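Presented below is the structure to which this report refers.
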Amino acid sequence: MSKKMKISYLINLIGVILLYLAMTFVFDNGVLGAKTTYITGIAIIAMMTIIIVCSLNLLTGYMGEFSLGHAGFMSTGAFSSAAVTIAMLEAHIALPTLLYFIIAILVGGLFSALMGFVVGIPALRLRGDYLAIVTVAFAEIVRVAFTNFPITGGGKTLSGIPKVSDYHYIFWVTVICVTLMYMYIRSRFGRAVIAIREDYIAAAASGINVTRYKVMTFVLSAFFAGVAGGIYSHYMTAIIPTFFNFMKSSEFLTMVILGGSGSLTGSIIGAAVLASLPEALRDFSIYRMLIYSVVLVIVMIFKPSGIFGTWEFSLPRIIFKLFGKKEAKGGAAK
Amino acid sequence: MSKETPVLEAKGLGIQFGGLKAVNDFSISIGKSELVGLIGPNGAGKTTVFNLLTGVYQPTEGTYYLNGEKMNGKQSHQVVAAGIARTFQNIRLFKKMTVLENVKIAFNKSMKYSLASAFLRLPSYWKEENEIDRKARELLALFKLEDLADQAAENLPYGQQRKLEIARALATDMKVLLLDEPAAGMNPTETAELLESINLIRDKYHISILLIEHDMSLVMNICERIVVLNYGEILATGTPEEISQNPKVIAAYLGDD
């Protein structure tokens with residue numbers, strides 16, 4: 001590791017900590033007045049959306065395969081983690097909130113990853129449109145199954161989930177998840193995945209085990225979607241299977257494409273903006289869907305690769321530039 | 001031909017698509033550092049032979065061996081791992097990736113660091129990444145592409161894209177290289193440069209090459225032996241002189257009037 005990389009990491013870490021301090025300052029001191037709680041809620045949903053949209057970008061942007069069923073993975077994560085924590089509550093297991101939270105997101109992530117593995121092995125033999133249809137079918141199966149299982153509330157709302165998600169935890173989990181995904185992309189694994197997107201025949205002819213890397217990425221993507229689901233259920237405390245429908249999946253896909261498929265920066269901005277946009281436009285109530293659609297159409301016409309394309313934001317790069325140093329190579333974006 | 005075990009050997013290789021026998025009874029034996037040409041009219045089955053030898057298609061008949069090891073049933077990436085690499089008739093680069101990354105992809109199979117190491121950027125990550133960075137740049141330097149390392153592959157001129165494809169195939173550390181019409185669409189200067197590259201890698205790495213080519217001057221110039229394919233079957237085998245005199249070959253190319 002070169003000295004410059006170490007400085008880059010340090011700059012990123014400081015950047016993230018500053019962001020965190022700014023956020024806690026605003027939310028804890030009620031700077032925004034009476035609306036603070038409401039805005040905190042939006043921020044939480046936005047952060048959770050960032051995780052799931054980045055995870056979808058792993059598939060859509062980097063691997064070049066569409067998943068129209070990411071809400072299914074989120075649902076799996078949300079319900080499995082809820083089932084486990086509810087059971088823990090009933091067994092009167094007294095643990096600190098943080099531990100409850102960590103268990104919830106890990107259970108959600110692992111269950112979802114398992115589901116991703118089971119679905120991925122047969123589904124990833126397909127490509128393009130066919131795979132997209134299979135993922136839609138998967139999400140529908142999950143929705144219908146969860147509407148009927150007693151353990152998931154059996155069609156009614158599953159309530160009584162411990163409220164352990166708070167924005168301090170969620171912020172750090174989001175940072176960790178996005179960093180891990182970034183590290184994955186900038187490694188031999190990510191390189192192989194991008195090569196598969198570019199030309200899977202040439203990738204195989206260069207010694208890449210296409211199926212293995214596809215399944216690996218699919219499972220990883222499902223894992224992070226499950227983590228987001230765990231956060232969601234433990235923030236809302238009451239969830240219903242029909243929330244995770246096809247519309248939800250396509251909403252996530254819209255965020256990926258609008259932000260720029262193949263750019264985690266794009267996913268972060270896309271998720272943050274589009275997740276909070278409906279709230280910001282609430283005053284225009286009936287017109288908001290109209291504005292939303294017009295924005296999408298305009299972006300797709302003038303910048304089909306999404307707002308950020310494949311460009312990544314890098315704090316160290318800006319700082320090195322400001323202080324006249326040579327550009328940092330591959331500084332972690334955040 | 002060398003007396004030792006041939007590097008690449010095919011015995012009665014064939015494939016049937018429904019009722020069509022695309023390739024039938026194809027046998028070949030290539031020794032160490034040997035350069036063999038595979039020619040034939042359009043649709044003769046040359047590229048199909050390549051697809052059979054690289055695991056894209058599985059032969060319905062016959063077997064093929066690499067250094068005596070049976071290769072039937074292996075998938076593309078396993079064939080590459082064993083040591084047969086190829087280039088494509090219509091160049092297949094990872095267009096949006098940089099020239100350097102294109103070569104790095106081919107080193108992937110020799111990289112060992114784990115997922116955890118990638119996530120946490122442990123020392124093994126840095127060690128291996130730095131090492132393939134160095135190796136990839138060395139290889140690019142060999143093809144005089146080192147100044148273009150950070151360009152997107154799609155921005156290279158045609159001749160250099162061909163070279164990059166060969167460099168990428170070389171990075172897989174193979175024993176046999178299959179070149180599918182490397183000189184197609186090249187002007188004479190580019191062809192001459194290509195010839196130079198091919199000779200260079202043969203001398204430096206002692207690999208065996210099987211070459212499909214329509215440019216007869218190139219084939220006659222560098223191939224030690226030529227195999228002529230017509231309607232999926234071997235029509236003739238011999239030295240360039242023998243082939244150019246062979247009446248059957250002339251008939252296949254020009255018609256037998």
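Please treat every number below as a calculation from the coordinates, not as lab data. Keep in mind the model is a prediction, meaning the values are calculated, not measured. Neighbour counts run over all protein chains shown; Cβ positions are idealised from the backbone, glycine included.
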Between A:A113, A:A202, A:A83, which gets the highest mean-square fluctuation from a Gaussian network model of chain A, Cα cutoff 10 Å? A:A202
Work out the mean other chain Cβ neighbour count within 10 Å for the residues of B:104-111 and drop it here as an integer. 6
Magnitude of the Cβ-charge dipole of the protein assembly as shown, K/R +1 and D/E -1, about the Cα centre, nearest 20 debye? 1840 debye
Gyration tensor (alpha-carbon) shape descriptor, the stretch A:1-66, a/c threshold 1.5: oblate
Rg ratio (alpha-carbon, reference 2.2 N^0.38 Å) - the stretch A:1-122: 1.36
Does the stretch A:187-237 classify as rounded, prolate or oblate by the C-alpha gyration tensor (a ≥ b ≥ c root eigenvalues; a/c under 1.5 gives rounded; else a/b over b/c gives prolate, otherwise oblate)? prolate
Low-density loop cleavage sites - trypsin sites (Lys or Arg not before Pro) in the stretch B:181-248, where at most 13 other Cβ are within 10 Å (DSSP): none
Row for the protein assembly as shown, column shape: gyration tensor on C-alpha, a ≥ b ≥ c, rounded if a/c < 1.5 i.e. under 1.5, prolate if a/b over b/c, else oblate; value prolate
Given the options B:G62, B:G37, B:G18, which has the most mean-square fluctuation in a GNM of chain B, springs set between C-alpha atoms less than 10 angstrom apart? B:G18
How large is the dipole of the stretch A:131-223 about the Cα centre if only Lys and Arg carry +1 and Asp and Glu carry -1, each at its Cβ, rounded to the nearest 20 debye? 120 debye
Using only Cα positions of the stretch A:3-322, each an equal point scatterer, no hydration layer, compute I(q)/I(0) via Debye at q = 0.08, 0.10, 0.13 Å⁻¹ and quote the log10 values to two decimals. -0.37, -0.58, -1.00
Which of B:K11/B:K96; B:K70/B:K144; B:K127/B:K163; A:K6/A:K163; A:K321/B:K112 exceed 32 Å between C-alpha atoms? The answer is B:K11/B:K96; B:K70/B:K144; A:K6/A:K163; A:K321/B:K112
Area projected by the alpha carbon convex hull of the stretch B:156-231, averaged over all directions, nm²: 5.5 nm²
Only Lys, Arg, Asp and Glu count, each charged at its Cβ (+1, +1, -1, -1), so figure out the dipole size of chain A about its Cα centre, rounded to 20 debye. 1080 debye
Quick check on the stretch A:140-237: what are the equivalent-ellipsoid semi-axes from the Cα gyration tensor, as sqrt(5λ), descending, whole Å? 35, 20, 7
Per the charge dipole of the stretch B:8-254 (beta-carbon charges, Lys/Arg positive, Asp/Glu negative, Cα centre), the residue among B:A10, B:M186, B:S217 reaching farthest to the positive end is B:A10
For chain A, with a Gaussian network of springs between Cα atoms less than 10 Å apart, report the residue from A:I185, A:I14, A:I240 with the top mean-square fluctuation. A:I14
Of A:G116, A:G270, B:I30, which is farthest on the positive side of the dipole of the protein assembly as shown, counting Cα position, with +1 on Lys and Arg Cβ, -1 on Asp and Glu Cβ, and the Cα centre as origin? A:G270
Please list the three semi-axes, largest first and in whole Å, of the ellipsoid equivalent to the stretch B:94-201, using sqrt of 5 times the eigenvalues of its alpha carbon gyration tensor. 29, 14, 11
Provide Rg and Dmax in Å for chain B, with only Cα atoms included in the calculation. 19.2, 71
Counting each pair of different Cα atoms once, what's the Kirkwood radius of the stretch B:188-254 in Å, rounded to one decimal? 13.2 Å
Using only atoms on other chains, find how many Cβ atoms lie within 10 Å of each Cβ of peptide B:127-134 and report the average. 1
Compactness index (Cα Rg / 2.2 N^0.38 Å), the stretch A:209-273: 1.29
Phi-derived 3J(HN,Hα) across the stretch A:259-264 with the Karplus relation (6.51, -1.76, 1.60, θ = phi - 60°), rounded Hz, x for Gly and Pro, is x, x, 6, x, 9, 5
Can you give the helix-only mean residue ellipticity at 222 nm for the protein assembly as shown, where every DSSP H stretch with n ≥ 4 adds -39500 (n - 2.57) and the sum goes over all residues, rounded to the nearest 500 deg cm²/dmol? -18500 deg cm²/dmol
Inter-chain shielding of A:17-25 (mean C-beta neighbours from other protein chains, 10 Å cut-off): 0
